[in-house]
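Accompanying notes for the structure given below.
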C-alpha cells in the first residue's frame, strides 16, 4: 500500500529511526504495517546486542502515527502527537529481534480531535510478541 519512502515523508521519525518498512492495510479504524529493521545490527534502539521486547511499543507508536498521516486530508500535514500513556501491556516474548518480519497493528478504539485511544499488537511468524493500549494526545498547534 505505502512503502518506506512514503513513511519517511509522512512521519516525524527520520533516518534509521523510521522503523517501519511498509503499510500493508489501512482503513478508518485499523492499520497494519511490516518491519524488518528489528533484525538490523545498526538499529538505533539495539542495546547489548539485541532488542528488548518493550521496544515494540515504539514500533506500534510509529504505526499509530502512520495511521494518523493516512487519515489526514490529501495534501495536508498530519497532526503531531505523543503517547501520553500505555496500559495493559502484555510482554509475550523476551526479545523483539525475531527472525521473521514483524507485523505491527494498531486499531483506533475511540477518540476525538485531541485524544485517541489505540490498541496495538506486534507479532512475528504468526505469534504475538506484545500487545496493549496507548493514549495519543494530538497537538493541533504544532505542524508535523
Look at residue 27 and say whether it is under 19 Å from residue 120 (Cβ atoms) and over 13 Å from the mean Cα position of the chain (by Cα). yes
Search result, residues across the stretch 34-50 that are over 11 Å from the mean Cα position of the chain (by Cα) and in a strand (DSSP E or B): 47, 50
Could you list, in sequence order, the residues of the stretch 13-33 that are surrounded by fewer than 15 Cβ atoms within 10 Å (Cβ to Cβ) and not in a helix (DSSP H, G or I)? 14, 24, 25, 27, 28, 29
Yes/no for residue 68 being at negative phi, out of contact with any strand residue (DSSP E or B) (no Cβ under 6 Å at 6 or more places or on another chain), modelled with pLDDT under 95 and assigned to a loop (DSSP other than H, G, I, E, B): no
Here are the criteria: (1) surrounded by 12 or more Cβ atoms within 10 Å (Cβ to Cβ); (2) more than 19 Å from residue 14 (Cα to Cα). Tell me which single one residue 73 does not satisfy. (1)
Among the residues of the stretch 37-47, what is the count of those that are out of contact with any helix residue (DSSP H, G or I) (no Cβ under 8 Å at 6 or more places or on another chain) and surrounded by 15 or more Cβ atoms within 10 Å (Cβ to Cβ)? 2
I'm trying to understand the selection: among the residues of the stretch 79-128, which are within 18 Å of residue 21 (Cα to Cα), touching a helix residue (DSSP H, G or I) at 6+ places or on another chain (Cβ under 9 Å) and part of a strand (DSSP E or B)? 102, 104, 105, 106, 120, 121, 122, 124
One residue is enough: does the stretch 87-99 have a residue meeting the conditions under 15 Å from the mean Cα position of the chain (by Cα), more than 19 Å from residue 131 (Cβ to Cβ) and surrounded by 20 or more Cβ atoms within 10 Å (Cβ to Cβ)? no
Regarding residue 54, is this residue in contact with a strand residue (DSSP E or B) (Cβ under 8 Å, 6 or more places away or on another chain), over 23 Å from residue 1 (Cα atoms) and either part of a strand (DSSP E or B) or touching a residue at least 40 places away in the same chain (Cβ under 8 Å) (or both)? yes
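The values are calculated or read from the model by the stated rules, or taken from the named source; none is laboratory data. Note that this is a predicted model, so its numbers are computed, not measured. Glycine gets a Cβ as well: all are built from the backbone with ideal geometry, and neighbour counts include every protein chain shown.
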